[in-house]
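Accompanying notes for the structure given below.
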């Protein structure tokens, strides 16, 4: 059997709460094991070499979206990134840009997503508030349900936000995650909001008309969501919409 | 120390916790949720397969109702569950599904006409009714009589969690993220809230509330390999345990899921088998029909897991560097089905195994998956010992699962339990004042601060990471699928020794704010106590029931063990929990203990069983031809909040009416 | 509920559409930028082909010019150079529209520029890089295109010899050497972006490949024709006599 490789990790380290600390890259070495992921390697590092190393993992199965970080220049989910994918055995880890840094590789995506949801009202707003939960449910076109699920697969990992140069330049831009979700509710026949209502939220420079189609979102989304298609759909839809406030003239 | 006041405090922002918070907020109470992580990252999202609710829309679900769901649940629990709770649950499951549809869940819907499915390795054509078109669909899951598992492709938990969290956001319910509750504030009778530590700043904060609901999920991570998220460490159970008053129920009831991938232990959904996937051994032979000729791969989870282990022990496992495993074969479902309905499975196979499940078999092995045990509550979700302390979901032993949970009943428990208990929590909030005892708050805050000071400034030498790994290995090796007295005793002894050592933990990283090592140290001490309740409970229970399988006591023993284990920790310096037992009253059961339908029927029966059966027969004979609801009420009346009492309408009701008119 | 819908940026009910801060201008600006971009892009492709007809010989170019100057309608058959002036003025207008709406994309603050550079350094990404070059070329074109258009408006004389004179003796080649790659890159990748932006094409990577091929092709014919004019220019003596076909 070949002797296992030694993987070299260059990891961004910074504790913003420590006034003495400044950002730096620190190098660690780990002996590779079969099937090793960045999740496994980082935990080994913390347990055996540096217990202060900060990073976020929850499901470690690629479904919760906690562990997005920039791995060798590409933002992606660390838990499902195999070290074997890097034949040179050198892995550079940086925190996702565009989010508040908690420390080292840990960023506050949760806060960002909650604020985004509040700002864009990213929840279903049905016609009737009170429904009979004891009677038969309202039928829904099976195709529509399947399509909605496709758009709902976003795990809010923040990769699209970090990969978007537009977002990096303009902090108030909603990013692909916001538009993806708006598109999802716009398509949902149960949602009472009109195109007009959506225009007020994303028909602006911080929304769909601020997107410059750089497609970092499309090229990095770990869930392969159709960002390009959905944003284009939303743009067409919004471009046809005349906002309500015009009718006063 | 900052003190934050609210009416309803919820620990854990998974489905169950959020649902409880929503119920309070809808009643005009103030609600606040604490979470280790952003709500949408909670482990609820990992439930791929679906949730059981007897809607009966699909042709394979026709004839389903609460009665059938109830019976499946009770049988699945190996008669270890609380039957009134199982009734409450089965009755409200359809309501929860329908409510969620209105909150945005894109449930997979029935398409009228013919469709091809795989049943028992053969293609079968199902014809869905015209009237069912667009209604909520269901798939097959293990241990159920009907196709009852409602789903959204293979991301049901994800869709549900997102819909429920969105609802919580729309109601403006604050979720304090990265806050870890570490102490319950109580006076021995009443729970007043918690002391929590901010994982970012290290700040300690008191949250004072009328009611405190623990919804922190299971304790799977006391095992080395688990399908659970890494945050499912049983801290919620430890919180209750450390009060010294509240009890944990049936902690030894730990479920092993048959099909987690090897070696990392990530789950592939039961939907794989529900949709027609097969289990094969090293010769490619489909072995399950030999063991369970009737249900085959779709026998209850505990049964399939044991049969798989049995088969591997016969040398039929596939050897690998990580020990033997078996194969899950879903190639026969076809690429299209896999890429739409089982896509998460496909992604997991591609990313973690580098295989294509449409072409290759998946290496699987039974792996720790679910905690039936948890914080003991009564049917309203409240701790019988500590007023104002509630628990819901996997964290609780509300006890609808007994000693084995059916697939699709856990996701269902989160939202159904959350719906029901949420109402009781709101009732509690309306009926009780906010009790503020600052001395008590300071006292608990100081205790926690001392604990942290000692870790940081003390002279301890033990390494928290090492202790945790040692505990996890003990649980894997000695408190696994098959258990025996000798190994369990050894496990108890070793865990006690670890708990002793845990008093001497020292830290390398001395930071008071964001410090992963400190987090680990605080947790491992608590986890060890939880692990001890599992090992001690298993050691004491000298029978086999559901997922608790003793090689030295292979029979289910209703005569001596038709009861619920209760564990508490009255003396904080003790190295062992105190166990007591709560009998399950056969004379109150709607479904007296019987044969579960797997393997040999060798249960030692309870003396009351026959008597109760006779009583039931008499009651039913007396009633004559009456509505099934009347019969049920006569056998075992159960309580529910008024808003949830109405009967559930089903397609079959209207279909029959139409037939009559024609 | 639709009724409690609060716009996140102050959308001022009292404003008139004429006011650029009105929300409708967000949609309009995007549409106008894309539309003017398509017009300019398509025009550039045609323009480069027309002027490259010199590669087929002086006579070919002569006829192209005659045709485009409306030769069929003029009695002499030589067309009206005024058309070139009018057209140039019109194109200038389109360029202005395009520039006005494209300018909002430019990083206007130093912080934005730094963010962009940092992003490109740490997260290299092809489409972002392409856009960056489009922005840089767009910036250059903002200055070069008006120069070119004003020249054409002031002196609309086009022909095999007249153009060669401009290129060689008036040193216009200096401008064209910069203008050609800038305009080709900007226009073709701009057209690519418009297609994906509005979802006109779903085969993005095929389209991107096609765009790169077209860029290369246009650069080749552009450079070749520029060389051709220089060669012609060098062979001519001042004062230039306009080219007329032999027969």
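Annotations for the structure displayed:
- The fewest-to-most ranking of B:548, B:432, C:125 by surrounding Cβ atoms within 10 Å reads B:432, C:125, B:548.
- Simple spin-label estimate for residue B:282 and residue B:551 in nanometres, 7 Å along Cα-Cβ: 1.9
- Inter-chain Cβ neighbour average for residues A:158-169, partner chain, 10 Å: 5
- Calculated translational diffusion coefficient of chain B (20 °C, 1.002 mPa s; Stokes-Einstein with Kirkwood radius over alpha-carbon pairs) equals 85 µm²/s.
- If the Kirkwood radius is taken over C-alpha pairs of the range A:109-246, then at 4 °C and 1.567 mPa s the Stokes-Einstein diffusion coefficient equals 82 µm²/s.
- Fully extended contour minus Cα-Cα distance, from residue B:114 to residue B:655, at 0.36 nm per residue: 192.9 nm
- For residues of B:199-209, the mean tally of beta carbons on other chains within 10 Å: 1
- Calculated FRET efficiency for the pair residue A:115/residue B:638, C-beta based, R₀ 41 Å, to 0.05: 0.45
- The range B:186-209 and the range C:19-64: distance between their alpha carbon centers, rounded to Å: 67
- For the range C:47-69, the residues whose backbone nitrogen is under 19 Å from a point 7 Å from the Cα of residue C:246, taken along Cα to Cβ, are C:54-64.
- FRET efficiency for residue A:100 and residue B:581, using Cβ-Cβ distance with R0 set to 56 Å, rounded to 0.05: 0.65
- Calculated FRET value between residue C:55 and residue C:120, using beta carbons and R₀ = 41 Å, to 0.05: 0.65
- Between residue A:48 and residue C:227, the modelled labels are 6.2 nm apart [label points 7 Å from Cα along Cα→Cβ].
- Of the residues A:162, C:163, A:3, B:391, the one with the fewest other Cβ atoms within 10 Å heads the list, and the complete ranking is A:3, C:163, A:162, B:391.
- The Cα-based radius of gyration and maximum Cα-Cα distance (Dmax) for the protein assembly as shown are 34.4, 125 Å.
- Most to least packed among B:276-286, B:5-15, B:53-63, A:18-28 [average Cβ atoms within 10 Å]: B:5-15, B:53-63, B:276-286, A:18-28
- Taken residue by residue and averaged, Cβ atoms of other chains lying within 10 Å of the Cβ of B:458-469 number 1.
- Estimated from helical segments only, the mean residue ellipticity of chain C at 222 nm is -24000 deg cm²/dmol, where each DSSP H run of four or more residues counts as -39500 (n - 2.57).
- Once the chain from residue B:431 to residue B:618 is taken as fully extended at 0.36 nm per residue, the excess over their C-alpha distance is 63.2 nm.
- Of all DSSP bridge pairs formed entirely within the protein assembly as shown, close to 70 percent run antiparallel.
- Using a simple spin-label model with pseudo-atoms 7 Å out from Cα toward Cβ, residue A:88 and residue B:124 lie 5.6 nm apart.
- Per-residue Cβ neighbour rank within 10 angstrom, fewest leading, C:98, B:401, B:69, C:161: C:161, C:98, B:69, B:401
- Taking the Cα atoms of the range A:6-106, the ratio Rg/Rh between the radius of gyration and the Kirkwood radius comes to 0.94.
- For the peptides B:74-80, B:209-215, A:118-124, the ranking by mean Cβ contacts within 10 Å, running from highest to lowest, is B:209-215, B:74-80, A:118-124.
- Paramagnetic reach from residue B:504 in the range B:428-464 [backbone N under 13 Å; point 7 Å along Cα→Cβ]: B:459-463
- Put simply, when C:103-111, B:527-535 are sorted by average Cβ atoms within 10 angstrom per residue, most first, you get B:527-535, C:103-111.
- By definition, a body whose alpha carbon gyration tensor gives a ≥ b ≥ c is oblate when a/c is 1.5 or more and a/b is not larger than b/c, and the range B:354-477 fits this oblate description.
- Prolate/oblate/rounded call for the range B:542-643, Cα gyration tensor, a/c under 1.5 rounded: oblate
Coordinate-derived values only; no laboratory data. Note that the coordinates shown come from a computational prediction; the quantities given were computed from them, not determined experimentally. Methodologically, a virtual Cβ is constructed for each residue, glycine included, from the backbone with ideal geometry; neighbour enumeration extends over all protein chains shown.
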